[in-house]
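Encoded as structure tokens, the structure appears first; notes follow it.
The values are calculated or read from the model by the stated rules, or taken from the named source; none is laboratory data. What you see is a predicted model, and the numbers here were worked out from it, not measured in a lab. No Cβ is skipped: glycine too gets one built from the backbone with ideal geometry, and neighbour counts run over all protein chains shown. Only protein heavy atoms, including side chains, enter the accessible area calculation; ligands, DNA and RNA are left aside. Shrake-Rupley method; radii C 1.70, N 1.55, O 1.52, S 1.80 Å.
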Amino acid sequence: MTWIDIPANAAFGPETLPLGIFRTGDEEPRVGAAIGDHVIDLAPVASAQMLDGAQIFTEPTLNAFLKQGRPAWHATREWLLDLVRNENNRDAVEPHLIPLDQVTMQLPFEVADYVDFYASEHHASNVGKLFRPDAEPLLPNWKHLPVGYHGRAGTIVASGTDIIRPSGQRKAPGDDNPTYGPSQRLDIEVELGYVVGKPSQLGSRVGVEDFKDHVYGVVLLNDWSARDIQAWEYVPLGPFLGKSFATSISPWVIPLEALESAEVALSKQDPQVLDYLASENLTNLDITFEVYWNGELVSSPPYREMYWSPAQMLAHLSVNGASVRTGDLYASGTVCGADKNQRGSFLELSWGGREPVTVKGEDRTFLQDGDEVTITASAATSAGATITLGSVTGRILPAS
């Protein structure tokens, strides 16, 4: 399927071709496509082939490309597929194949706005039981709309960026007053992030059927969470400082077109949703994540069980007339399955710290300084193939 030699353990095959921003040495960052253990430096290839808009691949972010919209995204993908499939392109491409271990990956796009949803019923129920043990786990609105909150776009960071332990107010249940200091219950959240390309007009709304016209692709996302800060501050307005200090994303944006064969029908929603959230064509993705805590696999959350679809999240985000912008990022919320080894946060995995997890022979609950977390994911296709989605990683540094 390709003239490029691809190692068996390579992250990306010839059908995926994700886009990202890389640099080599002191050169300026620019757009590349990943295949096997190489990056295709797209700017010189596009220029040599006199591709319309070739200069877009010299940009230091993907935003200019994302803004072009779905027809341009499709045309670029068809061009990339031909580059790697057609032997006649070898002479044009081969000089611009750069080994991945020789490049430094950057944040792939400039984030405009960031919204984090809460789309897993398993996760929402678990958190409800932990945070509100004397009440119903799901609040009355949860099955009527995709619950979400606006996060901090300026603290989205590229995979590999160290995470400084946040400080803030905390109040234990037995304390009379809050105290200030470093978070003692630092956590992760396994999520899938959706990258918006085509903007919308203020005062209009994006329908569920228009999802693929606006969203280019996905990234893996770890929404680091300070649970002790969150527990004290989140009533009545929800997450704030317990979430806003850092959110890590993977460096490669996987196009939705590459994942079409991994789409599955959305599970039945009960009660019936309102018309603006309803469609006969709603889908999820058959993706399985893997969470590695200091190199040890501790959880494998499944995405296909998410209650709300990405199209519904985007429709709800804009139903009040809020515009979406090129570079907007919205995330699924914590991915979680029914089984203990499918929980997408350490809050759930350790059940609020009461059931420690064994990591490298030690009992652990929340993150310690020096810990490293890596999240990987792969999608299962209808033909039985596997599409890998890369990884996102981060290491905890002491509070400043």
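Kindly express, to the nearest 10 degrees and within the range 0 to 90, the angle between helix 70-85's C-alpha long axis and the longest C-alpha principal axis of the chain.
The helix 70-85 is inclined about 60 degrees to the chain.
P(r) of the range 40-96 in 5 Å steps, Cα pairs, percent per bin?
Spelled out per bin, shortest first, that is 4, 19, 29, 28, 14, 6, 0.
Which residue, chosen from 56, 81, 128, occupies the Cα position most advanced towards the positive end of the dipole of the range 52-180, where the dipole is computed from +1 (Lys, Arg) and -1 (Asp, Glu) charges on Cβ about the Cα centre?
Looking along the dipole axis, the top candidate is 128.
Describe numerically, in nm with one decimal, the distance between label points set 7 Å from Cα along Cα→Cβ at residue 75 and at residue 161.
3.3 nm
Sum -39500 (n - 2.57) across every DSSP H segment of at least 4 residues in the chain, then divide by the residue count to get the 222 nm mean residue ellipticity, nearest 500. Intermediate values should be presented prior to the final figure.
Details: 9 runs with 67 residues, N = 400.
Computed ellipticity for the chain at 222 nm equals -4500 deg cm²/dmol.
At 1.4 Å probe size, with every protein chain present, just tell me what the per residue accessible area of the range 252-400 comes to in Å². Could you put the intermediate results ahead of the total?
Details: 5970 Å² over 149 residues.
Computed with neighbouring chains in place, this is 40 Å² per residue.
Keeping all protein chains in position, work out how much accessible area residue 1 exposes to a 1.4 Å probe, and write it in Å² to the nearest 10.
So the heavy atoms of residue 1 present about 150 Å² to solvent.
Treating each Cα of the range 322-400 as an identical point scatterer and ignoring solvent, apply the Debye formula and state log10 I(q)/I(0) at q = 0.12, 0.13, 0.18, 0.24 Å⁻¹.
-0.55, -0.63, -1.02, -1.26
At 1.4 Å probe size, with no ligands or nucleic acids counted, give the accessible surface of residue 73 in Å², nearest ten.
Probe radius 1.4 Å; accessible area of residue 73 about 10 Å².
Measuring with a 1.4 Å probe in the full set of protein chains, what accessible area per residue, in whole Å², belongs to the range 1-139?
Numbers: 6620 Å² over 139 residues.
Ligands and nucleic acids excluded, the result is 48 Å² per residue.
Accessible area of residue 37, 1.4 Å probe, to the nearest 10 Å²?
Counting only protein heavy atoms, the figure is 60 Å².
Nearest 10 degrees, 0 to 90: what angle lies between the long axis of helix 121-131 and the longest principal axis of the chain (Cα atoms)?
Once rounded, the angle reads 30 degrees.
List the pairs from 67/129; 212/268; 198/243 whose alpha-carbon separation is above 31 Å, in the order I gave them. All intermediate terms of the calculation are to be shown ahead of the outcome.
Working: 67/129 42 Å; 212/268 21 Å; 198/243 27 Å.
Exceeds cut-off: 67/129.
What share of the DSSP beta bridges in the chain is antiparallel, in percent to the nearest 5? Before the final figure, lay out each step's value.
Numbers: 63 of 71 bridges.
Around 90 percent antiparallel, to the nearest 5.
I'd like the distance between the alpha-carbon centres of the range 113-192 and the range 223-278, rounded to an integer number of Å.
11 Å
With θ taken as phi - 60° and the coefficients 6.51, -1.76 and 1.60, list the Karplus ³J(HN,Hα) couplings across the range 60-66 in order, rounded to whole Hz; mark glycine and proline as x.
Calculated HN-Hα couplings, in order: x, 9, 7, 4, 5, 5, 4 Hz.
What number, in nm² with one decimal, is the all-direction average of the projected area of the convex hull of the alpha-carbon atoms of the chain? Let's see the in-between values first.
Details: hull surface 81.7 nm².
Reported value for the Cα convex hull: 20.4 nm².
Pop out the carbon and sulfur fraction of the accessible area of the chain as a percent, whole number, probe 1.4 Å. Don't skip to the answer; put the middle values down first.
Working: 8520 of 17490 Å².
Percent of accessible area from carbon and sulfur atoms in the chain: 49.
Residue 171: which aspartates and glutamates have alpha carbons under 13 Å from its alpha carbon, excluding same-chain residues fewer than 8 sequence positions away?
Of all the aspartates and glutamates, those that pass the test against residue 171 - Cα under 13 Å, at least 8 places apart if same chain - are 228, 233.
Compute, for the range 349-400, the length of the dipole vector about the Cα centre, with Cβ point charges of +1 (Lys, Arg) and -1 (Asp, Glu) only. Units Debye, rounded to 20. The partial results should precede the final answer.
Details: 4 positive and 6 negative charges, 26 e Å.
It works out to roughly 120 debye.
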